[in-house]
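J.: Dumping the structure here so I can ask a few things about it.
Values in this text are rule-based calculations from the coordinates and carry no lab data. From a predicted model like this one, the values you see are computed outputs, not experimental measurements. As a convention, Cβ positions derive from the backbone with ideal geometry for all residues, glycine included, and neighbour counts pool all protein chains shown.
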Amino acid sequence: MMIGIELTEPVAEELVLKALDDGLVINKVSPNILRLLPPLIISKKDIDIFLKWFDINIGKISKT
């Protein structure tokens, strides 16, 4: 499974670095596009953890 997220601002690199610090692995495809490669057996719990992390961190980065 592959998921792409297009951001409205070029903050993909900042999110990738923050994700690595927090133990998540995501890829930057371009300055405003993220690529996620979750396993096919990903649980709803893991999805919820990522979505919470993303919501918190996109808010922090957008405010700087």
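J.: On the first, second and third principal axes, largest extent first, how far apart are the outermost C-alpha atoms of the chain in Å?
T.: 34, 21, 19
J.: Below 8 Å, C-alpha to C-alpha, sequence gap of six or more: please give me the relative contact order for the chain in percent.
T.: 37
J.: Evaluate the distance, in nm, between pseudo-label points positioned 7 Å from the Cα of MET1 and of ASN27 along their respective Cα→Cβ axes.
T.: About 1.7 nm, to one decimal.
J.: Ok, one more. Using the alpha-carbon atoms, what tilt in degrees (0 to 90, nearest 10) does helix 44-63 show relative to the longest principal axis of the chain?
T.: The answer is roughly 0 degrees.
J.: Kindly express, to the nearest 10 degrees and within the range 0 to 90, the angle between helix 12-21's C-alpha long axis and the longest C-alpha principal axis of the chain.
T.: The angle comes out at about 60 degrees.
J.: ASP46 to THR8: FRET efficiency via 1/(1 + (r/R0)^6), r the Cβ-Cβ distance, R0 30 Å, to the nearest 0.05? Intermediate results must be reported in sequence, preceding the final value.
T.: Values: r = 26 Å, r/R0 = 0.85.
Calculated value: 0.70.
J.: Could you give each residue of the stretch 27-33 its phi-based ³J(HN,Hα) in whole Hz, using Karplus coefficients 6.51, -1.76, 1.60 with θ = phi - 60°, and x for Gly or Pro?
T.: With coefficients 6.51, -1.76 and 1.60, one gets 10, 9, 8, 8, x, 10, 10 Hz.
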